[in-house]
Amino acid sequence: MLYPLLFKPVYKDYIWGGNRIPKIFHRTGPPGKCAESWEVSDHPDGMSVIENGPLKGLTLHELFLEHKEALMGKDSHFERFPLLIKIIDAAESLSVQVHPNDETAAQFGGEAKTESWVVLDATEKASVYVGLKENISKEEILQKLPTKEILSLMRTIPIKKGDVIFIPGGRLHAIGAGSLVFEVQQNSNTTYRVYDYDRGRPLHLEQAKKVMFYDDTEDPLKTPLPLEKTKGYIRTELIRTPYFVIEKWIIYHTIPWEKLEDKMEILFILEGEISLIPTGRSLLLPAHCAPLEIPTRGVTLFRVYLP
């Protein structure tokens with residue numbers, strides 16, 4: 001039987017990054033820009049390493065290969081760990097980009113990537129650009145793809161703390177300056193940029209044209225679904241996709257954590273104190289794991305699991 005696992009965050013210093021991740025979550029590093037913290041990752045571009053208990057020093061990939069049944073339980077059919085969890089701090093706007101979905105990745109290559117964002121913090125004027133406005137022709141989209149004018153064709157969504165945004169593979173999107181988000185995604189690092197504010201980084205127009213949706217006018221903002229309200233906690237489903245579910249728990253009193261039966265889950269501690277997990281860190285609960293109790297003086301956490 002495995003035990004609750006903490007991982008060393010993997011930090012990325014992309015040029016658009018800020019400094020809120022170490023500041024807000026009381027982390028000692030890294031110095032300089034901190035654009036992303038990869039919290040739970042089995043990807044060669046940023047591999048998680050266990051930092052607690054007897055398995056300390058083992059990578060998530062090694063854990064998956066050596067203890068797959070105990071880690072994944074009912075979901076042991078996956079050929080690799082299926083999720084990647086991040087925190088993203090955009091001091092400047094990210095590129096306008098798109099990812100393949102399962103179908104286009106199989107057809108044209110790359111790793112499929114559907115993702116969701118939960119807004120942790122946002123400056124007064126922070127926005128995201130997601131999907132397209134109505135009545136835009138494919139020809140007009142292609143004409144404006146490599147220029148800043150593509151933003152004028154996209155939905156501009158002012159954001160605030162708590163907003164939940166869905167980005168299926170194929171949906172054109174960009175995180176705007178001032179946004180701090182919790183991101184859950186398929187295990188992928190395939191990104192096709194179509195506009196990058198003239199920063200000099202390469203664009204991927206030909207790949208993007210093959211995988212993007214040209215009639216994507218659906219509202220990407222999702223309405224959370226209340227599930228339970230007791231004296232001890234409030235449980236809300238923020239989003240459910242074919243690839244993952246994100247719940248928010250507000251816990252008022254110490255409770256035994258009723259883990260999903262024979263399934264892996266990940267907890268991210270947004271606020272409050274838990275002995276096992278520092279605030280602002282993530283804990284992976286393997287499918288075969290000893291019972292867990294959450295002692296608390298008021299905790300808010302996200303729970304992520306496979307549907």
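The values are calculated or read from the model by the stated rules, or taken from the named source; none is laboratory data. Source: prediction; values computed, not measured. Note that we place each Cβ from the backbone using ideal geometry, even for glycine, and neighbour counts take in every protein chain shown. For accessibility, only protein heavy atoms count, side chains too; no ligands or nucleic acids. Shrake-Rupley method; radii C 1.70, N 1.55, O 1.52, S 1.80 Å.
Multiplying the residue separation of Lys125 and Lys229 by 0.36 nm and removing their Cα-Cα distance gives an extension gain of 34.1 nm.
For the range 1-53, applying the loop criterion from DSSP together with a ceiling of 15 other beta carbons within 10 Å to the GluC sites (Glu not before Pro) yields Glu51. Placing unit charges on the Cβ atoms only, positive for Lys and Arg and negative for Asp and Glu, gives the range 103-240 a dipole magnitude near 340 debye about its Cα centre. Quick check: at a probe of 1.4 Å, how many percent of the accessible area of the chain sits on carbon and sulfur atoms? The C+S portion of the solvent-accessible surface of the chain is 52 percent.
For Glu66, the solvent-accessible surface computed with a 1.4 Å probe is close to 120 Å², ligands and nucleic acids excluded. Restriction of the trypsin sites (Lys or Arg not before Pro) in the range 166-233 to DSSP coil positions whose beta-carbon has at most 11 other beta-carbons within 10 angstrom yields Arg199, Lys231. The figure for Ile175 is an accessible area of roughly 10 square angstrom, using a 1.4 Å probe on the protein chains alone. Once you sort the root eigenvalues of the Cα gyration tensor of the range 5-76 as a ≥ b ≥ c, which label holds: rounded (a/c under 1.5), prolate (a/b larger than b/c) or oblate (the other case)? It comes out prolate by the Cα gyration axes. In the context of the full set of protein chains, residues of the chain present 44 Å² of accessible surface per residue (probe radius 1.4 Å, heavy atoms only).
What is the diffusion coefficient of the range 1-141 in µm²/s, taking the Kirkwood radius over Cα pairs and the Stokes-Einstein relation at 4 °C with a viscosity of 1.567 mPa s? My calculation gives 73 µm²/s for D.
Shown is the FRET efficiency for His26 and Glu293, computed with R0 = 30 Å from the Cβ-Cβ distance and rounded to the nearest 0.05: 0.80.
Both radii were evaluated on the Cα set of the chain; the Rg over Rh quotient, with Rh as the Kirkwood radius, amounts to 0.96.
Sorting His77, His173, His26 by solvent-accessible area of protein heavy atoms yields His26, His77, His173, largest first, with a 1.4 Å probe. Charge tally for Pro100 (other residues, Cβ to Cβ under 15 Å; Lys, Arg +1; Asp, Glu -1): -1. Annotation for Leu65 and Thr254: the two label points, set 7 Å from Cα along the Cα-Cβ direction, are 4.1 nm apart. Largest to smallest in accessible area, the residues Tyr195, Tyr11, Tyr233 fall in the order Tyr11, Tyr233, Tyr195 (1.4 Å probe, all protein chains included).
Based on the alpha-carbon gyration tensor of the range 35-101 and its eigenvalue square roots a ≥ b ≥ c, which shape applies: rounded if a/c is under 1.5, prolate if not and a/b is larger than b/c, or oblate? Oblate is the answer for the range 35-101, as a/c is 1.5 or above yet b/c matches or exceeds a/b. Averaging Cα coordinates gives a centre for the range 112-145 and one for the range 149-228; these two points are 5 Å apart. If the chain linking Lys12 and Glu79 were pulled fully straight, counting 0.36 nm for each residue of separation and taking away their Cα-Cα distance, it would gain 21.5 nm. Among residues other than Glu39 whose Cβ falls under 11 Å from its Cβ, what is the net charge (Lys/Arg +1, Asp/Glu -1)? Neighbourhood net charge equals +1. With a simple spin-label model that places each label point 7 Å from the Cα along the Cα-to-Cβ direction, the separation between Gln143 and Met1 comes to 6.5 nm. The 1.4 Å probe gives accessible areas that order Ile165, Ile234, largest first, as Ile234, Ile165.
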